[in-house]
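Novice: One structure coming up, written as structure tokens, with questions to follow.
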Amino acid sequence: MTNNMMTIGTLAKIADMHVETIRYYQRRGLVAVPAKPYGGIRRYDETALARLHFIRSAQWLGFSLDEISELLELEDGTHCDEARALAEQKLKDVRQKIASLKQMEFTLDNLVKRCRCSEDPQQCPIIHSLHGKLGLPARRVEHGVQEESQ
């Protein structure tokens with residue numbers, strides 16, 4: 001069991017994360033910054049630890065920090081429909097990533113097989129294919145980041 005009031009270092013150790021990660025979450029508004037007594041140091045309670053566990057669990061499920069912020073706004077438990085909608089969208093995203101990973105696996109498997117069967121050591125099928133387009137889905141650039149089109 002943890003001490004009722006912890007320093008940020010103790011909180012970080014118990015939560016198994018770096019102090020700077022906690023500070024980053026504080027800057028993002030995900031974790032409250034406790035009051036600092038005059039001449040003293042800030043102390044964190046079990047609520048802060050629970051919040052960090054919530055964030056880590058949500059990240060494990062693939063939620064971004066922005067999405068976690070939305071979930072935390074629904075934290076009182078009376079907004080199940082909204083939380084479900086966020087989870088449904090995340091599930092859709094995960095399924096799309098799985099489909100993309102399966103396509104990557106199929107393509108890589110074929111390239112490896114072609115390479116094994118190649119009779120010309122000067123013409124590596126993998127390198128040759130990477131210079132081509134490999135039948136990749138079209139990509140669009142949005143906000144400086146490439147995204148696959150749907």
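Novice: State which residue is nearest to F54 (Cα to Cα) when the search covers only the stretch 75-126 and only residues that are touching a Pro at 6+ places or on another chain (Cβ under 7 Å) and part of a helix (DSSP H, G or I).
Specialist: L111
Novice: R42 is checked against (1) outside any loop (DSSP other than H, G, I, E, B); (2) surrounded by 12 or more Cβ atoms within 10 Å (Cβ to Cβ); (3) of a type outside the set (D, E) and fails just one. What number does that condition carry?
Specialist: So the condition that R42 fails would be (1).
Novice: Among residues belonging to the stretch 51-74 that are surrounded by fewer than 19 Cβ atoms within 10 Å (Cβ to Cβ) and not in a helix (DSSP H, G or I), point out the one that is modelled with the lowest pLDDT.
Specialist: My answer is L74.
The values are calculated or read from the model by the stated rules, or taken from the named source; none is laboratory data. Note that this is a predicted model, so its numbers are computed, not measured. Note: ideal-geometry Cβ built from the backbone for every residue, glycine included; neighbour counts use all protein chains shown.
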